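Structure first, then comments.
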Amino acid sequence: MTGALVDTGFLVALFNRRDRLQRAARKHLQAYTYPLATVTPVIVETSFFLDARGKINLFEWILRGGLAIAELPLDAYRELKPIILKYADRDIDLADAALIWLAGVSGCRNVLTVDERDFGIYRVKGNKRFELIPWQGETA
């Protein structure tokens, strides 16, 4: 695997001390060292679910190079429109739409998420599926 996109749920699990999946998220990152990337809307959404300590730990991890952050250029908002319309019945949020956009421009379809139902339906350019990385069972 060359890398993976990271969704909100994985980051919340990683940085929320009370999250039931924290151990699995940490264990997964210890076992696999591929590069990780996400988009700014995922960081904003993740921050909503974290306390101050969790936010600081997330930011410090990013600054140490744990996660690459892709900013949305102005042209990306034009590309988000058809994505949001396509998945309007799923009430897609900006974070998910931006990850679909990033997958399309980067070519990376591997994703760390707890939202397997939606990411099992979402498609990238060329009608390609996301590759869901199994990590939630890694609790031992």
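Just for the stretch 116-140: of the residues that are of a type in the set (Gly, Ala, Ser) and farther than 30 Å from PRO82 by Cβ, which one is modelled with the lowest pLDDT?
ALA140
How about the stretch 9-48: which of its residues are within 15 Å of ALA70 (Cβ to Cβ) and either without any contact (Cβ under 8 Å) to a residue 12 or more places away in the chain or of a type in the set (Ser, Thr, Tyr) (or both)?
The answer is THR38, THR40, THR46.
Which one is nearest to the chain's Cα centre (by Cα) among residues in the stretch 4-24 that are part of a helix (DSSP H, G or I) and under 24 Å from ALA97 (Cα atoms)?
Of everything passing the filter in the stretch 4-24, THR8 is nearest to the chain's Cα centre (by Cα).
Identify all residues within the stretch 98-116 that are of a type outside the set (Gly, Ala, Ser) and either more than 14 Å from the chain's Cα centre (by Cα) or outside any helix (DSSP H, G or I) (or both); write none if there are none.
Step one: filter the stretch 98-116 for residues of a type outside the set (Gly, Ala, Ser), giving 99-102, 105, 108-116.
Within the stretch 98-116, VAL105, CYS108, ARG109, ASN110, VAL111, LEU112, THR113, VAL114, ASP115 meet the criteria.
Quick one: which of ALA37, ALA76, ALA95 is of a type in the set (A, V, I, L, M, F, W, C), in contact with a Pro (Cβ under 8 Å, 6 or more places away or on another chain) and either part of a helix (DSSP H, G or I) or within 16 Å of THR8 (Cβ to Cβ) (or both)? Quick ask: steps written out before the conclusion?
Details: ALA37 fails: in contact with a Pro (Cβ under 8 Å, 6 or more places away or on another chain); ALA76 fails: in contact with a Pro (Cβ under 8 Å, 6 or more places away or on another chain).
One residue alone meets the criteria, ALA95.
Before we move on, is GLY126 without any contact (Cβ under 8 Å) to a residue 24 or more places away in the chain and not hydrophobic (A, V, I, L, M, F, W, C)?
yes
What is the one condition in (1) of a type in the set (Gly, Ala, Ser); (2) closer than 14 Å to PHE130 by Cβ; (3) touching a helix residue (DSSP H, G or I) at 6+ places or on another chain (Cβ under 8 Å) that SER106 does not satisfy?
Single failed check for SER106: (3).
The values are calculated or read from the model by the stated rules, or taken from the named source; none is laboratory data. Given the structure is predicted, the values throughout are model-derived calculations rather than measurements. Note that each Cβ is placed from the backbone with ideal geometry, even for glycine, and that neighbours are counted across all protein chains shown.
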